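Worksheet: the structure to be examined is printed underneath.
What follows draws every value from the coordinates through simple rules; no lab data is involved. These numbers come from a predicted model, not from an experiment. Quick reminder, even Gly has a Cβ in these numbers, built from the backbone with ideal geometry, and neighbours come from all protein chains shown.
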Amino acid sequence: MGRIVLVIRLALRDLRRRRTEVALLLIAILAATTTLTLGLVLRDAAGDPYRSTRAATKGPDVIANVGRAGDLAELGKLATASGVTEHSGPYPVIAAKLEASGRTSDVQVIGRDAAVAAVDQPAVRQGSWVSDGGVVLEAAFADSLDVGVGDAVALDGRSYKVAGVAVTAAMPPYPGASCIVSAGCVNGAVPDDRNLPAGLLYRPGLAWLTQTDLLSLAPGRSALSYVMNLKLADPDQAQAFVDRNRGDHGRPVPMQTWETVLADATDLARDSQILLLLGAWLLGLLAVASLSVLVGGRMADQTRRVGLLKAVGGTPGLVAAVLLAEYLLVAVVAAAAGLTIGALAAPLLTESSAGLVGGAGTAALTWSTIGLVTAVALGVAVVATAVPAVRGARSSTVSALADAARPPRRTGWLIALSTRLPVPLLLALRVAARRPRRAALGVASIAVTVSGIYVLLVLNTFLGDQPDTGAYTEAQVAVLRHVLLVWTVILLSLAAVNATVITWATVLDNRHASALARALGATPREVTVALAAAQVLPALLGAVLGVFPGGFLLFAAINAITGGDSDRATLPAPWQLVALVLSTVLVVAALTSVPAHLGGRRPVTATL
Amino acid sequence: MSNTAHTPVLSARGLRKEHGKGEGLVRAVDGVDLDVSAGETVAIMGPSGCGKSTLLHLLGGLDRPSAGEVSLNGRRIDNISEKGLARMRRTEVSYVFQSFHLMEELTAVENVELAALLAGRSPRAARRRAESLLDQLGLAGRARFLPSALSGGQRQRVAVARALSNEPLVVLADEPTGNLDSAATVDVLQLFKDLHESGQTLVIVTHDARIAATADRKLSMRDGAFVDEARLTGGTTGRLGALAGLED
């Protein structure tokens, strides 16, 4: 117990002494944990409006439909099946064309009773429920048509007045409505060169009429489909009910559970979630790079402290524990903060649909989410810290007390190559060659960032085309753009932190070598350019690798995970890729210029 | 403190270097006048903290004076830009440090050629000159060794070779034997004697009476100022040279 207290006390004292570094560490891990939390809780948060709608509309647990009157008996059997407590319907449904505001849309029209139903009673948001001569439109559909109560619409050429606008939990809001007519429906994008089969409904909306109006609108009884809503004793057993009652003869009755409707209603959140989870892993990699550099630089400064700990009787295990404990404490704080921020921010990245009641609330954190986010934060800290901590623990006490710097690496071929270059590049190559692991981290950090930007470019172009192709509405595109913006800002921020931290670590590590070079005749400008170029050269390599294979692989991974069709995506043009590489190099040059400038102008005599 | 017999290659007038302010003001160098002639070896001695190393830094343009002038080869260097000072250090002044200051990742020959490469010499010429210098200093067999594989005396000889690689007007040595054992000290003393005899202008800051004995002049410093000057007749062939054990 005493040892644990000692370790924590030493770790806390040291953290307090190095507030800037702790802040940078915190930002690095926080970026990853926040994004991961967002990814994990987003769908749950996005489900809130559906759950509210379900509660407000006596939402069904199972929705069954048949395509012809001859199958009505099957629905009758379902109504009396074991586990069913209530039902409404069967209601007749027809496919129709709705004209409003100069636009024509496909629509599924359900014939309902004016009386309140026991299951699935759509909640009227404006106006009133169905009455003869009056049509009620699903709210998201009405919103997209820009139609309100009192407006006139035409169904298959027959004029109706919009009596009300309502929401339902029996199907996802427009444009994701489930198909309950026998003609069949298509949602999402349809390539320009492909014609839909005649009669197939394209992104149908939903409307309700009285049964009398519906039957008079239908061209004949053969045009009618039927839908029935079931309430179960145990809603969580909806899928089991469907499996049990699918039908044991020729044509099974199509059924949807409330969970399927929820999944469809939060389909956009699924796409956002995939983006965020991928972003979280990229940010996790960047955080490892940040931490490795920070920890490495810090260990160099802590050599003497390690020596002192050992000199007063600290075992290598205790020394490693103290060093690890500091970063684990930071990781735990970052995990807690990431979980909180992620849960609070999740509603901001969800779709606000007119077709559902209320908005997303603060996401609930499950133990599995808390566990995973904490594990990732601790994993990042351990991966980045373990090697330097063990190295520090194993170092000789005498050399540690003498504060001997870790000897630089010798990379013979780079040293030989550098002799043929101008002075700044000669020095730059040698600076990079002194710490190949740090240079590799710089390359990896930029490669990960550029891969992310590559994918963002592809997705941005893809989203730009969506309102035209029909896969997403403009509102949905706006939500996904929000997600991409969050991704971009966090990714670029962390990359900027990395570039600055790596340069600063390089500047500190090269204090002596830079001073010596100046004593031998290198100008401050040459040393400054060398320190900056030592970052820019790996950045150039990282940017090129980030485009290919990085970006291509990441995009392929996204397609593989989402089952996306890469042929539908427009890959960045060569000029865009060249611009991306050049911009990366320029940004890195700008970010490194200040620390490099300070490093190039340190007083020589104070260092030597 | 001046030597008027020859044209000075390095001179200082009223040189001052101050640190701090008010009551915390410290005059590390306090009104030093100095002339060093071409080919002359000047030893500066004094207790620790008297300002010897600071003076050496001012003379070579590594640090800027608070007041006074420094001239090299008749040209003021205390008021030129950092870039100008850097260029000057490439070819006109070079340093030998107490702790050698060799690049740990470079071999002996790579350390020596670095100064020539920074001065813009071709890689081939720089390597040839470095190998020749190491050969002259008895380190031909150690040219491909890293500093960590060399003894203290060998490291200091590498540092001297580096200082000579651009044939500077003046070599400024700061406690060149301060980190060496007795055997290595004698080794380095012999090296400085040889340099002196070859006509190299040397300013050596030292605690070691034996190395001071190799000089033409010995200046004693206290509290940032020269307090005594002694001309050592005949340099290494004089009485002090004999005391140092350098006489044949």
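Here are some notes:
- Think of chain A as a dipole: +1 on every Lys or Arg Cβ, -1 on every Asp or Glu Cβ, centred on the Cα centre; then among A:Ala115, A:Pro235, A:Gly442, A:Gly442 lies furthest on the positive end.
- Amide proton proximity set for B:Glu40, modelled H, under 5 Å, gap of 5+: B:Leu202
- Rounded to the nearest 20, the Cβ-based charge dipole of the range B:98-167 about its Cα centre (Lys and Arg +1, Asp and Glu -1) stands at 160 debye.
- In order along the range B:70-84, the phi-based Karplus estimate (6.51 cos²θ - 1.76 cosθ + 1.60, θ = phi - 60°) of 3J(HN,Hα) comes to 10, 10, 10, 6, x, 10, 5, 10, 6, 10, 8, 5, 4, 5, x Hz; Gly and Pro are listed as x.
- If R0 is taken as 60 Å, the Cβ-Cβ distance between A:Val382 and B:Ser81 corresponds to a FRET efficiency of 0.75.
- Estimated 222 nm signal from helices in the protein assembly as shown, with DSSP H stretches of n ≥ 4 weighted -39500 (n - 2.57), rounded to 500: -17000 deg cm²/dmol
- Sequence-distant aspartates and glutamates (8 or more away, or on other chains) whose Cα lies within less than 14 Å of A:Lys310: A:Asp403
- Farthest toward the positive end of the dipole of the protein assembly as shown, out of B:Leu15, A:Leu329, A:Val423, is the Cα of B:Leu15, where the dipole comes from beta carbon charges about the Cα centre.
- Projected label points at A:Ala606 and B:Ser99, each 7 Å from Cα along the beta carbon direction, are separated by 1.6 nanometres.
- Where only alpha carbons of the range A:410-608 are counted, the Rg and the Dmax (Å): 20.3, 68
- Pairwise FRET efficiency - A:Val332 versus A:Ala263, Cβ, R0 = 25 Å, nearest 0.05: 0.15
- The charge dipole of chain A, taken about its Cα centre with unit charges on the Cβ atoms of Lys, Arg (+1), Asp and Glu (-1) only, comes to about 4340 debye.
- Gain in span if fully extended, A:Asp151 to A:Val594, counting 0.36 nm per residue against the direct Cα distance: 153.2 nm
- For B:Lys83, net neighbour charge (Lys/Arg +1, Asp/Glu -1) across residues whose Cβ lies under 10 Å away: 0
- Computed over every Cα-Cα pair of the protein assembly as shown and binned at 20 Å starting from 0, the pair-distance distribution P(r) comes out as 13, 31, 24, 16, 11, 5, 0 percent.
- The simple spin-label model puts a point 7 Å past each Cα toward its Cβ; for A:Leu12 and B:His207 those points are separated by 4.4 nm.
- Unit Cα scatterers, Debye sum, the range B:172-221: log10 I(q)/I(0) for q = 0.13 Å⁻¹: -0.26
- Computed about its Cα centre, the charge dipole of the range A:410-608 is approximately 1380 debye, with only Lys, Arg, Asp and Glu carrying charge at their Cβ.
- Database remark: amide H of A:Arg68 closer than 5 angstrom to the amide H of A:Tyr226 (H placed geometrically; neighbours at sequence offset of 5 or more, or on other chains; Pro and chain starts carry no H).
- Reachable lysines from B:Lys193, criterion Cα separation under 17 angstrom, eight or more residues apart if same chain: B:Lys218
- Taking amide H atoms as placed 1.01 Å from N in the peptide plane, the amide H of A:Val186 lies under 5 Å from those of A:Leu201, A:Tyr202, A:Arg203, each 5 or more residues away in sequence or on another chain.
- Those residues of the range B:96-122 whose amide nitrogen sits under 19 Å from the label point placed on B:Gln136, 7 Å along Cα→Cβ: B:96-97, B:108-122
- A:Ala557/A:Ala198 FRET efficiency (R0 56 Å; Cβ-Cβ; nearest 0.05): 0.90
- Rounded to whole Hz, the Karplus (6.51, -1.76, 1.60) HN-Hα couplings of the range A:46-63, x for glycine and proline: 5, x, 3, x, 5, 4, 5, 5, 4, 5, 7, 10, 6, x, x, 8, 9, 10
- Positive-end residue of A:Gly70, A:Ala513, A:Leu456, charge dipole of chain A with Cβ unit charges: A:Ala513
- In order through the range A:140-150: 3J(HN,Hα) via Karplus (6.51 cos²θ - 1.76 cosθ + 1.60), integer Hz, x for Gly, Pro: 5, 5, 4, 4, 5, 7, 6, 10, x, 4, x
- Of A:Lys77/A:Lys161; A:Lys97/A:Lys231; B:Lys52/B:Lys83; A:Lys161/A:Lys231, those spanning more than 29 Å from alpha-carbon to alpha-carbon: A:Lys77/A:Lys161; A:Lys97/A:Lys231; A:Lys161/A:Lys231
- In this label model, B:Val26 and A:Gln239 are separated by 7.6 nm, measuring between points 7 Å along each Cα→Cβ vector.
- At full extension, A:Ala375 and A:Leu26 could sit 124.1 nm farther apart than now, given 0.36 nm per residue minus the alpha carbon distance.
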